[in-house]
Amino acid sequence: MARACIFPGQGSQAVGMGRALAEHFHQARDVFAEVDEALNQPLSRLMFEGPVEDLTLTANAQPALMAASLATLRVLEAERGLDLKRDVACVAGHSLGEYTALCAAGTFSIADAARLLRIRGTAMQGAVAPGEGAMAALIGADADIAQAIAAEAAEGAVCEVANDNGGGQVVLSGAKAAVERAVALAQARGIKRAVMLNVSAPFHCSLMAPAAEAMRQALGEVAMHSPVVPVYANVRAAPLTDPAAIREALVAQVTGTVRWRECVAAMAAAGIDQFNEIGTGKVLTGLVKRIAPGAVAGAVGTPDDIAAFPAFG
């Protein structure tokens, strides 16, 4: 089977994430220590113990999710003999998970990935004044219908498709009043569910332009290497290996649509028939099963998951 490793995005964080791995495996402890040192913050303690309000802050959640995923991957390498270059055809990640995928594939160091995600989270949080932006999920809508609703609701303001997650789940982002209009329109058009999301900022829309510029500067100051396997970029829904193209895709991702449905479909069309979600939660596993029902999908994030994972080498 052709295997892809995929890495979760914001929303999968939970108090206790990574704790069991750290208790059982020194490789996980090493990753958490490296991230703590890079950020000059005991982030691992926040991951293990909370409080949830602090863990959920964008500037903390993003590097925390990366750390949990990389800790899991390092344990898989040590305990199950997984070699990403040899055993995995490609990688991808949802939003911040794209940084995790790139780090897993050797484009960034763990320390650089942690610092970039701290900058990204802080910049995204600060790009729009509190209360001015919003996001909403449309359940039972495809991307074309969601785009039409967003365009009608905009009325000169920003209202855009932020995430095309697949399985009939599309997320809109933009100015609060425009997103509220979109929810009302969706309900009037019989969309199964249209709900405002409890988020701190309108991610992945043009209101994030200041954050995109912050990331352009930050990425320009970090050493980047070609990944050992192709990385499917959110904004391209296509594999990239050139560091310059990867840098541009990461900048564009801040304001652009996360094309997750198309990413998974493109991987499946390229012959990927097994998807392993590495890290916290099972959100992407559920999406893959709806987008590519012929593929095998499963999540790996606990010591029991590690033990059940096939041995390589």
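The values are calculated or read from the model by the stated rules, or taken from the named source; none is laboratory data. What you are looking at is a predicted structure, and each value in this text was computed from that prediction instead of being measured. Note that each Cβ is placed from the backbone with ideal geometry, even for glycine, and that neighbours are counted across all protein chains shown. The accessibility values were calculated without ligands, DNA or RNA, using every heavy atom of the protein model including side chains. Shrake-Rupley method; radii C 1.70, N 1.55, O 1.52, S 1.80 Å.
Conditions first: (1) open to solvent by less than 60 Å² (accessible area, probe 1.4 Å); (2) over 22 Å from residue 106 (Cα atoms). Residue 45 passes all but one, so which condition is the exception?
It is condition (1) that residue 45 fails.
Which of the residues that make up segment 91-144 are assigned to a helix (DSSP H, G or I) and open to solvent by 30 Å² or more (accessible area, probe 1.4 Å)?
Within segment 91-144, 112, 115, 118, 119, 122, 125, 126, 144 qualify.
Can you tell me which of 123, 113, 105 is of a type in the set (A, V, I, L, M), farther than 21 Å from residue 229 by Cα and modelled with pLDDT of 95 or more?
123
Scan segment 201-211 for residues that are in a helix (DSSP H, G or I), open to solvent by 10 Å² or more (accessible area, probe 1.4 Å) and among the hydrophobic types (A, V, I, L, M, F, W, C) and jot them down.
Once the filter is applied, which keeps residues that are in a helix (DSSP H, G or I), open to solvent by 10 Å² or more (accessible area, probe 1.4 Å) and among the hydrophobic types (A, V, I, L, M, F, W, C), segment 201-211 yields 207, 209.
Matching residues to (1) in a strand (DSSP E or B); (2) farther than 30 Å from residue 86 by Cα; (3) touching a helix residue (DSSP H, G or I) at 6+ places or on another chain (Cβ under 7 Å):
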{"position": "148", "(1), (2), (3)": "no, yes, no"}
{"position": "161", "(1), (2), (3)": "yes, yes, yes"}
{"position": "165", "(1), (2), (3)": "yes, no, yes"}
{"position": "194", "(1), (2), (3)": "yes, yes, yes"}
{"position": "219", "(1), (2), (3)": "no, no, yes"}
{"position": "225", "(1), (2), (3)": "no, no, yes"}
{"position": "229", "(1), (2), (3)": "no, no, yes"}
{"position": "235", "(1), (2), (3)": "no, no, yes"}
{"position": "239", "(1), (2), (3)": "yes, no, no"}
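Give the residues of segment 283-313 that are closer than 27 Å to residue 174 by Cα, surrounded by fewer than 20 Cβ atoms within 10 Å (Cβ to Cβ) and either free of Cβ contacts under 8 Å to residues at least 40 places away in the same chain or among the hydrophobic types (A, V, I, L, M, F, W, C) (or both), sorted by residue number.
283
Of the conditions (1) modelled with pLDDT of 95 or more; (2) open to solvent by 60 Å² or more (accessible area, probe 1.4 Å); (3) under 19 Å from the mean Cα position of the chain (by Cα), residue 64 fails just one. Which one is it?
(2)
Within segment 270-280, is there a residue that is out of contact with any Ser or Thr (no Cβ under 6 Å at 6 or more places or on another chain), open to solvent by 60 Å² or more (accessible area, probe 1.4 Å) and touching a residue at least 60 places away in the same chain (Cβ under 8 Å)?
yes
Take segment 224-243 and flag every residue that is open to solvent by less than 60 Å² (accessible area, probe 1.4 Å) and within 18 Å of residue 103 (Cβ to Cβ).
If the condition is that a residue be open to solvent by less than 60 Å² (accessible area, probe 1.4 Å) and within 18 Å of residue 103 (Cβ to Cβ), then 224, 227, 229, 230, 231, 232, 233, 234, 240, 243 are the ones that fit.
Can you find, within segment 71-90, the residue that is surrounded by the most Cβ atoms within 10 Å (Cβ to Cβ) among those that are farther than 20 Å from residue 28 by Cα and in contact with a Phe, Trp or Tyr (Cβ under 8 Å, 6 or more places away or on another chain)?
Across segment 71-90, the extreme among qualifying residues is 90.
List the number of the failed condition for residue 16; all other conditions in (1) without any contact (Cβ under 8 Å) to a residue 24 or more places away in the chain; (2) more than 30 Å from residue 233 (Cβ to Cβ); (3) not in a helix (DSSP H, G or I) hold.
Going through (1) without any contact (Cβ under 8 Å) to a residue 24 or more places away in the chain; (2) more than 30 Å from residue 233 (Cβ to Cβ); (3) not in a helix (DSSP H, G or I) one by one, residue 16 breaks only (1).
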